[in-house]
Every structure is written in C-alpha cells, then in structure tokens.
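Take a look at the structure set out below.
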Amino acid sequence: MADKVRVRFAPSPTGRLHIGGARTAIFNWAFARAMGGTFILRIEDTDPERSTEENVQVILNAMKWLGLDWDEGPEVGGEAGPYFQMQRMGTYTEALERLKERGAVYPCFCSKETLDAKREQAEKTEGGYAGYDRTCRDLDPAEAQRRIDAGEPHTWRLKVPLNHGPIEFNDAVYGHVSFPADVMDDMILVRTDGSPTYNFAVVCDDANMGITHVIRGDDHLSNTPRQILIYEALGYEKPTFAHLSMILGPDGKKLSKRHGATSVEEYRDRGYLPDAMVNFLALLGWSLDGETTIMSRDVICSQFSLDRITKKDAIFDETKLDWMNGQYIQKMGAKEWVELSRPWLARAHAEGYPYVYTAIVPTLDPNAPADAEEVEPLNEEQLAAFEDSYAADPAFYEALYPLVSERETSLTECESKLAYMFWGPCVLLDEKSVNKILRKDGARADEALAACREVLADEGNEWKAEVLEEKCRALAEPLEMKLRNLLQPLRVAICGNMVSPPLFESIELLKRSDVLARIDATIAEVF
Ligand code: GLU
C-alpha cells in the first residue's frame, strides 16, 4: 500500500473500557507504530443517553493509563477532525447529498408501525423475514419529492444494486470472505430525525479520515458487507479489514462479568501494571514468534504485524496475567513501584500505629476472594497522614520494594504484606502462627525470643540486617536450638506471622525501640 497507514480505535463511550476494546485499541496502536502510521481515536457518541461526557473521560483515562497515545483525536486534535461523531453531522449530510446525486439512495415513507406489521406477518406466513420489501424503492421521484416537500416523515435507504454479485473482501485475519448480496436489504442510512445509522456514520468517517485499515472485533464482521455496499455507493475506495477473534474465558465461554474483572479500570484498581496489561492483551490473538511472552512496548510497537494475528479465539488466562504482572513488578524498580503502589501503601500506612494494638488475631482465609469494590476508601485525614509520612521519608518507602518485589503478583498485595512495617511498637499476631510457632510444644520459643531480644537490644551491634542476622544465628549453637526454632518466633513477633517478607531486612527498616517493644508485647500476650 502506497499510502501511509491510518488506523482508528472508535469506542462508543457507553461505560468502561472493556478488555476486548482495550485489545482492539492496542492492536491498532501497535500496528500504527510498527508501520510508522497514524493512530486515531474517534469517539462514536451518537447514542445520546449513554454517551456522556463522563463516559468519554473514562475511556480517555483508560487509554492514557495504558499508555496508548493517539496522534489524532480528542484533546490533541488533527486535520481530519472533529473526532466526536456528534460534531460531524454536517459530513453525514454531505455524504447523503452525494448518494442522492449518484442515485444510490431513496426516501422511504413507510412508518415504523407498517414495517413492524409486515415483519410480523412475514415471520408468520412466509417462514421468515427477508428484510424491507422495497415498497418505496420505485416511487415516482416527483411524487417522492412532493411528499418530502409536504413534510412527510421519511428515512433514506441505500438502493442496493439488484444485480450485485456476492460481496467479497480479503480480511487480513479471516482471509477471503464472501456474503451473498441478495440477502442484504435496502438498509436505512439516515433516520427520520436526520441522524445517521451506525453503518453509515462509520463508513463516512473512515472514508473522510482516510482510514487505510479497519481493525476491530469480529462482532462487526456481519456489518462489513453492508459497509462495503456503502463504500461502493459513495464511490470510495474501501480500506483493508482485519477482524479480531473473540476473547473467551478459561471455560471457553465468551468473556463476561462471570469471569471476574472485565474492564481496564478494574485491573488498574486491582494492582496490575499498565505495561503488563499491554503485554498481556497484545498476546490475545497475536504473537511475536509463538513463544516470547514478556515483551516491552518498544518490541510490540516495532514488531507488530497483521499477519501474525490468529483467527483462533483467544483465551483470557488470568493466571498468566498474574504471573506476567509479577514479572513486571520484579523489574520495575523501587521508585516506580512506590509511585504506582501509593493507593495500597496508603492503606498499609493507615492500618498502623497509633490505631493498631497488640493482640492475637484470627488467621485470614488465604482463599477468600479479594473484592476490590467492597473496600472502604480512606478518609482525607488518612490520606494526608500518608502523604506527610511519604514526604518526610521517601527513602523508607523505596526500601520496602525489595521486601516484596519477588513476592507480589499484584501491587495491591503490599497492603497486607507490608502492614507490619507500620505498626510501630505493636504487633497483630496471626493465630495460626502463634499456635504453630510460639506455642509449639518443646520448641522453647520464649527462650529464643529472649535471646534474640538481647542481641537486638545491644547498642554495640550495628543496626544492619547482615550484622543482626549473623549475631542472632550465632545463638543457635549455645542454645542448642535449630535455626528454625530460633528465628521463626522472632519473625512472628516482629511481622505478625510466619510467612512474612525477609525478617532482618524488615528489622533494619524499623526502629530499634519498636522492635524491642514488639518482642515484649508478644511475650506478654502469648506466654
Ligand atoms: N463504535 C463501535 C463499537 O464500539 C466500533 C465501530 C467500528 O470499529 O467500526 O463497537
């Protein structure tokens, strides 16, 4: 193709950006980048009830969060604008005039009631409705004009050529596709109120914006032959079509709410990284080489090609997404981790001293579903307290990153995994850990705690993880204790449970006085 690639993502702003829409956006964006082309964002806001300003913002924010920058569209403008369909009404009127001049449309005066009655009748008696019966197609033009002039309500219908052979096109994904034209009825292009129908508006926009490739979900595959008829009627060259297969849940059924989160926003709120989402979604139906799974935006944007899109349905495997997210968390670095983890670090911070006290608390069910929507938001005071704490000591927050970087599959996890870092002199002791470690028969946990406490209280020992760990480990021999029995009680006393992030690295980040206070509080609570 000689022309420069121009592609568009054309969401109807009726709510959140769904996973399927995000995948379509990513494919268009990556294709534009790989081809040195232009990525256009067009808002299809012709449904006045659902297309609210707020919904537009939701889409734009999701696009920005994913890092899918558009070259033309809302906020950035461009020569082919405006980029909201509601602002393009004049162009649909012009296109209708063009079709009238070419004799490719006709006014239809049949009322909705008449059409409904005919449809009902046909369904009963003729075993099926074959579409509009073309009553108005052969009206005398002068008579039609007279009725228009008299103000009679009318739609404009496409005059589908009667001798049209099959409608054929080469889909970049599906290959050669053919639809019989004689089953296409004379579809309405412009309604009685003058508004364009979806198929008409899309074709006008794609043609006027110079779109070279239409990449979209295969739920639009059946619209494509209709749109091709409109291109032909207008005398415009049609773009290349690429229809993307469905996204299915792991059970093989169409992805839906039943499978969990379905919008980009929900994934953001559940602690997924934009880079991981883009990587994961790019692989829903496309592959670099059939094996590479982790790839940067740069790789996706330079290597993306339509010929590596599969027409097989894509499976949305959340376990793989979790794994991928974990990989990205491991690599992201402390600064970015803190930046993106702020909402959950703020929650961990809010759980802390002076609101927390020392107690034995029931063990949480690790399999309980994490329900992001049910979490109560922090109040202003809690948020401000976190901001103050962060501003006072950003290095502390960055130092938390290595404690969890290899353990998180989602950023939300720092809330539960790191809460103990904010408990000051208190500790919430997990019941199961207390029973298994501190109250274990014959394990001498009280002795172990007392001995470790002495090491930690000794001001002569530098407050460094390696030093403290070495000195504590050295107690095993004189006490004749297994390392496990020596150090696990300390872990429970400091972190609250037996499966915490690294113990001595945690201790180094805490105040000596708080560490000692936690040991004392634990001894008092348990023994
Ligand atoms: N606005 C349509 C939708 O959200 C997309 C139209 C198209 O891509 O042709 O489904």
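Would you point out which residue out of Glu408, Glu415 is under 30 Å from Arg347 (Cα atoms), touching a helix residue (DSSP H, G or I) at 6+ places or on another chain (Cβ under 7 Å) and in a loop (DSSP other than H, G, I, E, B)? Let's see the steps before the verdict.
Numbers: Glu415 fails: in a loop (DSSP other than H, G, I, E, B).
Every option except Glu408 fails the conditions.
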Quick check: anything in the range 154-165 surrounded by fewer than 13 Cβ atoms within 10 Å (Cβ to Cβ) and in a helix (DSSP H, G or I)?
-> no
How do the pairs read when you match residues in the range 387-399 that are at positive phi and of a type in the set (Lys, Arg) with residues anywhere that are surrounded by 13 or more Cβ atoms within 10 Å (Cβ to Cβ) and part of a helix (DSSP H, G or I), using Cβ under 6 Å and keeping only pairs 6 or more apart or on different chains?
-> none
In the range 382-394, anything touching a helix residue (DSSP H, G or I) at 6+ places or on another chain (Cβ under 9 Å) and not aromatic (Phe, Trp, Tyr) is listed as Gln382, Leu383, Ala385, Glu387, Ser389, Pro394
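Per-residue answers, yes or no, for (1) in contact with a Ser or Thr (Cβ under 6 Å, 6 or more places away or on another chain); (2) of a type outside the set (S, T, N, Q); (3) under 21 Å from Tyr106 (Cβ atoms):
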| site | (1), (2), (3) |
| --- | --- |
| Ile167 | no, yes, yes |
| Asp171 | no, yes, no |
| Ala181 | no, yes, yes |
| Asp185 | no, yes, yes |
| Ile188 | yes, yes, yes |
| Tyr198 | no, yes, yes |
| Thr212 | no, no, no |
| Asp219 | no, yes, no |
| Ile228 | no, yes, yes |
State whether the residues of the range 249-264 include one that is among the small types (Gly, Ala, Ser) and closer than 21 Å to Thr46 by Cβ.
-> no
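Can you find, within the range 214-263, the residue that is nearest to the ligand (Cβ to nearest atom) among those that are β-branched (Val, Ile, Thr) and in contact with a Phe, Trp or Tyr (Cβ under 7 Å, 6 or more places away or on another chain)? Before the answer, list the steps.
Filtering the range 214-263 for residues β-branched (Val, Ile, Thr) gives 214-215, 224, 228, 230, 240, 247, 262.
Within this subset, residues satisfying the condition of being in contact with a Phe, Trp or Tyr (Cβ under 7 Å, 6 or more places away or on another chain) are 214-215, 224, 228, 230, 247.
Details: Val214: 6, Ile215: 8, Thr224: 9, Ile228: 13, Ile230: 12, Ile247: 14 Å.
Top of the filtered list is Val214.
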Within the range 220-266, considering residues that are of a type in the set (D, E, K, R) and within 15 Å of Val177 (Cα to Cα), the one most open to solvent (accessible area, probe 1.4 Å) | Lys238
If we take the range 440-527, then helices (runs of 4 or more DSSP H) inside it with 2 or more residues that are open to solvent by less than 70 Å² (accessible area, probe 1.4 Å), out of contact with any strand residue (DSSP E or B) (no Cβ under 9 Å at 6 or more places or on another chain) and closer than 24 Å to Trp423 by Cβ are 445-457, 465-473, 483-495, 503-509, 512-526
What tally of residues in the range 309-318 results from selecting those that are open to solvent by 70 Å² or more (accessible area, probe 1.4 Å) and not in a strand (DSSP E or B)?
-> 3
Evaluate the range 319-336: report whether one residue or more is open to solvent by 10 Å² or more (accessible area, probe 1.4 Å), part of a helix (DSSP H, G or I) and among the β-branched types (Val, Ile, Thr).
-> yes
Qualifying residue in the range 410-422 (condition: closer than 16 Å to Leu490 by Cα and under 41 Å from the mean Cα position of the chain (by Cα)) = yes
Could you please tell me which pairs satisfy a Cβ distance under 7 Å, a separation of 6+ or placement on different chains, a first residue in the range 282-298 that is part of a strand (DSSP E or B), and a second residue that is open to solvent by 50 Å² or more (accessible area, probe 1.4 Å)?
-> Trp286/Arg308
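The values are calculated or read from the model by the stated rules, or taken from the named source; none is laboratory data. Predicted model only: the values in this text are computed from it and were never measured. All Cβ positions, even for glycine, are placed from backbone atoms using ideal geometry, and neighbour counts span all protein chains on display. Note: accessible area is taken over every heavy atom of the protein model, side chains too, but ligands, DNA and RNA are not part of it. Shrake-Rupley method; radii C 1.70, N 1.55, O 1.52, S 1.80 Å.
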